[in-house]
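Each value in this text was obtained by applying a stated rule to the coordinates, not by laboratory testing. Since the model is a prediction, treat every value here as computed from it, not as a measurement. Neighbour counts run over all protein chains shown; Cβ positions are idealised from the backbone, glycine included.
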Amino acid sequence: MAANTETTTSGTCASSILATGLGTLLVRAMMGIIFIYYSGQFLFGIFGGQGLQTFTQMLASDHLPILPTTVWAYLAGFTQFFGGILIIVGLLSRVVSIFLILNLIGIIYVSHGGGFGSIDFQLVLIAICGLILISGPGMLSVDALIFGKKETIIAPSRP
């Protein structure tokens with residue numbers, strides 16, 4: 001008698017795929033919340049933050065190259081805030097991950113004097129963004145709805 005376990009065409013249990021999707025959703029949600037929280041502080045002054053003017057003054061002391069400091073402040077803020085929202089819902093997740101990684105590298109650049117203790121958090125976020133960039137947002141995402149993951153769940157054949 002055949003088992004009642006449903007498998008995909010690759011042989012993976014459907015419950016394993018759902019668990020992976022839930023795990024990826026949890027990681028995306030937590031990372032998105034982190035980006036929204038911190039960018040909300042310096043972009044909009046919410047969550048006890050100082051707002052954009054204070055953030056721009058802080059960036060001015062870092063002497064960022066090429067663009068004016070205000071442009072860097074807006075780029076960082078909007079990338080993190082809207083990137084966090086897009087990561088949570090899983091929309092354009094791979095593209096957003098690239099921009100968030102570049103943003104985090106910029107954060108590491110401006111906090112270079114503090115040693116490893118000042119960049120460890122950013123390195124973890126880069127690793128999570130790298131995971132989403134490589135493996136995608138998972139089956140519980142808008143990307144999966146729009147672009148569709150071509151894994152069909154089939155019941156095993158009966159003798």
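Expressed in nm², what is the orientationally averaged projection area of the convex hull enclosing the Cα positions of the range 14-154? Please list the in-between numbers first.
On the way: hull surface 37.6 nm².
Mean orientational projected area (the range 14-154, Cα hull): 9.4 nm².
For Phe81, Phe42, what ranking results if the residue with the fewest other Cβ atoms within 10 Å of its Cβ goes first?
Values: Phe81 20, Phe42 24.
Arranged by neighbour count, lowest to highest, Phe81, Phe42 become Phe81, Phe42.
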